[in-house]
Amino acid sequence: MTFTDTLRALAAALPLAAVSLPALADIKDFEFRLVQSEVRQGNGVIVAVQLVDKRSGKPIPDAVIFTRRIDMAPDGMETMASPIEAMPSAEPGTYRFKTNLTMAGGWRLSLGAKLQGETGTLENKLILKAVP
């Protein structure tokens, strides 16, 4: 093999090598987004969020959500919290929670999660509105 042939072979292999390298991501490259920012006030309300890669907009499945809290901090009532429970979801990257939104107004959903293959903890606080 000549020197020129070796250079051609290396040049042809470079795109393949780049494709096989994992993308370097930071936990800050991911976020939870509300599926709906307004929901009906009441008991047994379903609040859905999507976990996305901010760089591509693609949903991220299989996160382990270990912290979840919902309270009325946006309306100055942080101590007014409601129980919140994880529910199954059929869509990859979408996470659903059942809660009681006992009053109309602003509610804050706080989530903490670990993502497959990523280091660090993702923490987001999302504001939604309960309407009568």
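Tabulated results
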read-out: Residue in the stretch 88-106 that is crowded, with 17+ Cβ neighbours inside 10 Å, in a strand (DSSP E or B), touching a residue at least 40 places away in the same chain (Cβ under 8 Å) and not hydrophobic (A, V, I, L, M, F, W, C) present; value: yes
read-out: Failed condition for Leu111, given (1) part of a strand (DSSP E or B); (2) surrounded by 14 or more Cβ atoms within 10 Å (Cβ to Cβ); (3) of a type outside the set (Ser, Thr, Tyr); (4) free of Cβ contacts under 8 Å to residues at least 60 places away in the same chain; value: (4)
read-out: Looking only at the stretch 24-44, and only at residues there that are loosely packed, with under 15 Cβ neighbours inside 10 Å and small (Gly, Ala, Ser), the one that is nearest to the chain's Cα centre (by Cα); value: Ser37
read-out: Those residues of the stretch 24-75 which are of a type outside the set (Gly, Ala, Ser), farther than 23 Å from Thr102 by Cβ and in a loop (DSSP other than H, G, I, E, B), in sequence order; value: Leu24, Asp26, Lys54, Arg55, Lys58, Ile60, Pro61, Asp62
read-out: Which listed residue, of Ser37, Ser20, is polar (S, T, N, Q) and either at pLDDT below 95 or touching an Asp or Glu at 6+ places or on another chain (Cβ under 6 Å) (or both); value: Ser20
read-out: Asp75 acidic (Asp, Glu) and either under 11 Å from the mean Cα position of the chain (by Cα) or crowded, with 17+ Cβ neighbours inside 10 Å (or both); value: no
read-out: Count of the stretch 76-105 residues which are in contact with a Gly (Cβ under 9 Å, 6 or more places away or on another chain) and under 18 Å from Leu34 (Cβ atoms); value: 4
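The values are calculated or read from the model by the stated rules, or taken from the named source; none is laboratory data. Model, not experiment: these values are computed from the prediction. Quick reminder, even Gly has a Cβ in these numbers, built from the backbone with ideal geometry, and neighbours come from all protein chains shown.
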